[in-house]
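Visitor: One structure, pasted below without further comment.
The values are calculated or read from the model by the stated rules, or taken from the named source; none is laboratory data. Everything numeric in this text was worked out from a predicted model, so none of it was measured. Here the Cβ is made from the backbone with ideal geometry for all residues, glycine too, and neighbour counts use every protein chain on show. Please note that ligands, DNA and RNA were not included when accessible areas were found on the heavy atoms of the full protein model with its side chains. Shrake-Rupley method; radii C 1.70, N 1.55, O 1.52, S 1.80 Å.
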Amino acid sequence: MSNGEEEGEKSVDLHASVVPIMAEPYDDNTFFLGQNGLVDGPSRVQLALLASTKAESITVHDLKPSLFTNSEEISRRLTTFPRVHEDHSLFRHAYIELVLQWEGKKRNPNPKAAVLLVIDMQNYFSAMAKPILQNLQTTIRLCRRVSIPVIFTRHCHKSPSDYGMLDEWWNGDLILDGTPESQLIPELDDVRAGHQDHVVEKNTYSAFRGTGLEEYLKERDIQEVIVTGVMTNLCCETTAREAKRNPNPKAAVLLVIDMQNYFSILAKPILQNLLTTIRLCRRASIPVIFARHCQKSPSDYGMLDEWWNGDLILDGTPESQLMPELDDVRAHQDHVVDKNTYSAFRGTGLEEYLKERGIEEVIVTGVMTNLCCETTARDAFVRGFRVFFSTDATATENEELQEATLKNLAYGFAYLVDCSTFDQLPFH
């Protein structure tokens, strides 16, 4: 959690609601729940949620009666987390409707770093927009009261040749610039009067794509966006997805983990993406640090010896050297960290080195995704650094391990990025 987030948290009563859940075991030890009757692998709605949930009533639709006892037993087990965890077979292939009441937390925007985006409140969408108009006007006034700037977007096309893929989906039913339908609805005039609000014109779902909005926000040190307007599932959602946090070139460093000859076979499939990432980071003036995994002697193996039976990398051997394919993108001033365990922070002085230079963010690339890269990312997080983790410039033994790490880190440790992320960073 970044600095200052806890200050804005408040308890929110979500009230009683019927939540359909399909329950299935994910593996022998972990039990996951999928929303809306769908099992989607490791879901965000996990059994742990029910551990702190007050279940007021339960209806069980028994698809396999032989696996069930009765509703009272299920109700008792749902409110007794360890018992559920131990006997997940009780709920296998069960469709359960729960009436739940719980307290969640929300994070409030930081007025010093936020902007309000009002998406496509135009005459074309007036019928759809009117039911939310009062709430939107209130939101705008409250944001102005705390000095949060407001930006309006208009969806419009200069000509039919500008329709792009939208024409295929909407059969030409699009908004031409200069028509009455393209104008912001007049009901917004009162909250716009006297203000020089920025207006973004866009020709696709995202308010960021090809509009210069990202650069506009970064120049003003905006770090948070509040999305309002229409349509929720198209332009609002797409804009929200594209507003994800990207590295700040003024506060970030690129960590290249263990790209050594020992790991060359594992590393070669990601080599081009890694080289591209390094070049794009240098273009944005993000410093690059290389980490080498090596042991000075067998007495230095530690716990790794127990796991890898002595198959480790001794310093000074060819296997310990960085791959020659990196020579073209390495600079003589690049800092190199020698480590003897999974984390690039453990006993290396890296934390002190970064903090002395005002570094607040780390971008993790290299190998192996699920060992040194993941451990370094987690260690960076608990030491107070914001973490970005590359999806296409990290590698490990198989796709299953790669995906497991990405899912775990994205759940609460790191922002996932790829080459395209760095291509969007401003030049320095």
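Visitor: At a Förster distance of 60 Å, what's the computed FRET efficiency of Asp189 paired with Asp311, Cβ-Cβ distance as r, to 0.05? Don't jump to the answer; show the numbers that get you there.
Guide: Working: r = 72 Å, r/R0 = 1.20.
Efficiency computed from Cβ-Cβ geometry: 0.25.
Visitor: Additional query: If you add up the charges near Ala393, with Lys and Arg at +1 and Asp and Glu at -1, over every other residue whose beta carbon is less than 15 angstrom from its beta carbon, what do you get? Present the calculation step by step, with values, prior to reporting the outcome.
Guide: Details: positive: Lys268, Arg279, Arg282; negative: Asp258, Glu325, Glu374, Asp392, Asp418, Asp423.
Surrounding charge for Ala393 is -3.
Visitor: Still on this structure, please answer the following. Which whole-number value in Å² is the accessible area per residue of the stretch 326-389, probe 1.4 Å? Spell out each step's value before the answer.
Guide: On the way: 2770 Å² over 64 residues.
Dividing the accessible area of the stretch 326-389 by its residue count gives 43 Å².
Visitor: Can you send over the carbon and sulfur percentage of the accessible area for the stretch 107-149, probe radius 1.4 Å, protein chains only? Don't skip to the answer; put the middle values down first.
Guide: Details: 1250 of 2280 Å².
Carbon plus sulfur share of accessible area: 55 percent.
Visitor: For the stretch 202-324, what is the accessible area per residue in Å², given a 1.4 Å probe and the full set of protein chains?
Guide: Working: 6010 Å² over 123 residues.
So the stretch 202-324 comes to 49 Å² accessible per residue, rounded to a whole number.
Visitor: Indicate the gyration tensor shape class of the stretch 276-401 (rounded, prolate or oblate), computed on the Cα atoms with a ≥ b ≥ c the square roots of the eigenvalues: a/c under 1.5 is rounded; otherwise a/b larger than b/c is prolate and the rest oblate. Show your work: numbers first, answer last.
Guide: On the way: a/c = 1.43, a/b = 1.36, b/c = 1.05.
Judged from the Cα gyration tensor, the stretch 276-401 comes out rounded (a/c under 1.5).
Visitor: Which of the three applies to the stretch 166-315, rounded, prolate or oblate, going by the alpha-carbon gyration tensor with a ≥ b ≥ c and a/c under 1.5 meaning rounded? Mind showing how you got there, number by number?
Guide: Details: a/c = 3.56, a/b = 2.75, b/c = 1.29.
Prolate is the answer for the stretch 166-315, as a/c is 1.5 or above and a/b outweighs b/c.
Visitor: Go through 250-258, 236-244 and give me the packing order, highest mean Cβ count within 10 Å leading.
Guide: On the way: 250-258: 24.1, 236-244: 17.2.
Going by the mean number of other Cβ atoms within 10 Å, highest first, we get 250-258, 236-244.
Visitor: Would you mind putting 412-423, 110-121 in packing order, based on average other-beta-carbon counts within 10 Å, highest first? Display every interim value, and only then the final one.
Guide: Values: 412-423: 17.0, 110-121: 20.6.
Averaged packing, sorted descending, gives the order 110-121, 412-423.
Visitor: Also, quick follow-up: Subtracting the Cα-Cα distance from 0.36 nm times the residue separation, let me have the gained length for Tyr216 to Gln333 in nm, one decimal.
Guide: On the way: separation 117, 0.36 × 117 = 42.12 nm, distance 3.26 nm.
Length difference between fully extended and current span is 38.9 nm.
Visitor: Roughly how many percent of the accessible protein surface of the stretch 169-210 is carbon and sulfur, given a 1.4 Å probe and a whole-percent answer? Mind showing how you got there, number by number?
Guide: Values: 1220 of 2600 Å².
That share works out to 47 percent.
Visitor: Quick check: net charge around Leu425, other residues with Cβ under 14 Å of its Cβ, Lys/Arg +1 and Asp/Glu -1?
Guide: For residues surrounding Leu425, the net value is +1.
Visitor: Okay, next question. For the stretch 354-393, what mean projected area does the convex hull of the alpha carbons give, in nm²? Could the numbers behind the result be given before it?
Guide: Working: hull surface 10.8 nm².
Quarter of the Cα hull surface area: 2.7 nm².
Visitor: Applying 1/(1 + (r/R0)^6) with R0 = 41 Å to the Cβ-Cβ distance of Arg357 and Leu275, what FRET efficiency is obtained, to the nearest 0.05?
Guide: Values: r = 24 Å, r/R0 = 0.59.
Step by step, r from the Cβ atoms, then E = 0.95.
Visitor: How large are Rg and Dmax for the stretch 125-207 when calculated on the C-alpha trace, in angstrom?
Guide: 14.5, 42
Visitor: Ok, one more. Anything over 26 Å Cα to Cα? Flag those among Lys130/Lys218; Lys130/Lys202; Lys296/Lys407; Lys244/Lys407, in the order listed. Walk me through the intermediate numbers first.
Guide: Values: Lys130/Lys218 32 Å; Lys130/Lys202 22 Å; Lys296/Lys407 34 Å; Lys244/Lys407 17 Å.
Pairs exceeding the cut-off: Lys130/Lys218; Lys296/Lys407.
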